[in-house]
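Everything on this sheet refers to the single structure shown next.
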Amino acid sequence: MNTGSATIGAIITIICVLPFLFMYMSKTKKKKTALQTLQQLASKHDCKISQYDFLDHMVIGIDTDKKCLFFTKKENDKNTNQFIDLQTVSMCYPNKALRTIIVSDKKKNSVIERVELCFESKNK
């Protein structure tokens, strides 16, 4: 009876853990391919990614030696790649677009619709 219960318990545990394991493996595979795309973009400009960060389907990376910024985004099987030479940039600032939602007569909530990094060139 104990071996039967242990076997059933092990099978149920495996069934419960497998979906999370598959999700983790899928996510790491997507991150790996996105990072490879970013590194290929950097190699086209003779750069090497030294720091990077992920956000869902986007990756942003920087070459600190040559001062270049790289960005790639995959959305609906469409890749958007960007390269910015930071030596030609005079200023960088975040831009946040907000939308106000009326919840009730007395309460309003602000929702962030979009966050952008804006770059101003030295050459106007």
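The values are calculated or read from the model by the stated rules, or taken from the named source; none is laboratory data. Note that the coordinates shown come from a computational prediction; the quantities given were computed from them, not determined experimentally. Backbone-built Cβ (ideal geometry, glycine too); neighbour counts: all protein chains shown. Ligands, DNA and RNA are stripped out before the accessible areas are found, and what is left, the full protein with its side chains, is counted by its heavy atoms. Shrake-Rupley method; radii C 1.70, N 1.55, O 1.52, S 1.80 Å.
List of remarks:
- Test for residue 26: is it within 26 Å of residue 116 (Cβ to Cβ) and free of Cβ contacts under 8 Å to residues at least 60 places away in the same chain: no
- Members of segment 76-124 that are part of a strand (DSSP E or B), more than 19 Å from residue 59 (Cα to Cα) and open to solvent by less than 80 Å² (accessible area, probe 1.4 Å): 89, 90, 97, 101, 109, 111, 120, 121
- Number of positions in segment 41-75 that are among the hydroxyl-bearing types (Ser, Thr, Tyr) and loosely packed, with under 14 Cβ neighbours inside 10 Å: 3
- Hey, residue 35 open to solvent by less than 70 Å² (accessible area, probe 1.4 Å), among the hydrophobic types (A, V, I, L, M, F, W, C) and either outside any strand (DSSP E or B) or at positive phi (or both) or not: yes
- Restricting 41, 21, 69 to residues that are under 24 Å from residue 114 (Cβ atoms), assigned to a helix (DSSP H, G or I) and out of contact with any Cys (no Cβ under 7 Å at 6 or more places or on another chain) narrows the list to 41.
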